[in-house]
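Data first, discussion second: the structure below is written as structure tokens.
The values are calculated or read from the model by the stated rules, or taken from the named source; none is laboratory data. Quick caveat: nothing in here was measured; it's all calculated off a predicted structure. Backbone-built Cβ (ideal geometry, glycine too); neighbour counts: all protein chains shown. In case anyone asks, the SASA skips ligands and DNA or RNA and just uses the protein heavy atoms, side chains included. Shrake-Rupley method; radii C 1.70, N 1.55, O 1.52, S 1.80 Å.
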Amino acid sequence: MRHWNRPSRLDLAGAEALIARWHERWQAEKAGTWAIAPEGGGAVGLIGLTDIDLVGGSGEILYWLLPAGRGTGITVKAADRLARWAFDDLGLHRVRITHSVANPASCAVATKAGFPLEGTMRGALLHADGWHDEHLHARLRTDATP
């Protein structure tokens, strides 16, 4: 999980600061972050809507999942549910998902959640092992739901 996501390992103070930033971004209507958890179970991942532009009608979904939740389809359901909320409640027009082209699991989640692949952004994201090309997926409010 650390390979695909930033920040790297956090100590307690770093985690508290990150959660405080999430709260500030929620209050500023710029982002929201939630746990992914199966019905009646504990958290197995995280999903967020970030880079929210209410005037411009767009945002970006991000997610990660612990091994305990992988292969269950829970992230696909969470991404679809978050997109529907972004369209229906926030009034967004376009929601995107980006991921390293070297991460086929994230590609499968995006596609199954109804975010068609639009293209590849070259050298778009710096990971610990260097610059990665990224896939760009997007869903419009007017698209058929998966």
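When the surface is traced with a 1.4 Å probe over the full set of protein chains, Trp26 keeps roughly 120 Å² accessible.
Taking one quarter of the surface of the C-alpha convex hull of the chain gives a mean projected area of 9.2 nm². Just checking the listed ones, Arg21, Arg96, Arg84: in the Gaussian network model of the chain with Cα springs under 10 Å, the one fluctuating most is Arg21. Considering only Val44, Phe87, Val55, the residue lying farthest towards the positive end of the dipole of the chain is Val44, judged by Cα position with unit charges set on Cβ.
Dipole magnitude for region 1-107: computed about the Cα centre from +1 point charges on Lys and Arg Cβ and -1 point charges on Asp and Glu Cβ, it is near 340 debye. For the residues Ala113, Ala83, Ala28, a GNM of the chain with alpha-carbon springs under 10 Å puts the largest fluctuation on Ala28. Counted by Cβ distance under 10 Å from Gly57, the other residues give a net charge of +1, where Lys and Arg count +1 and Asp and Glu count -1. Out of the total accessible area of region 1-117 (probe 1.4 Å, heavy atoms of protein only), what percent is carbon and sulfur? Carbon plus sulfur share of accessible area: 56 percent. Per residue, the chain exposes 60 Å² of solvent-accessible protein surface, assessed with a 1.4 angstrom probe and all protein chains in place. For region 27-74, the ratio of Cα radius of gyration to the globular rule of thumb 2.2 N^0.38 Å stands at 1.35. Measuring from centroid to centroid over Cα atoms, what is the spacing of region 96-117 and region 19-94 in Å? Using only Cα atoms to place each centre, the spacing works out to 15 Å.
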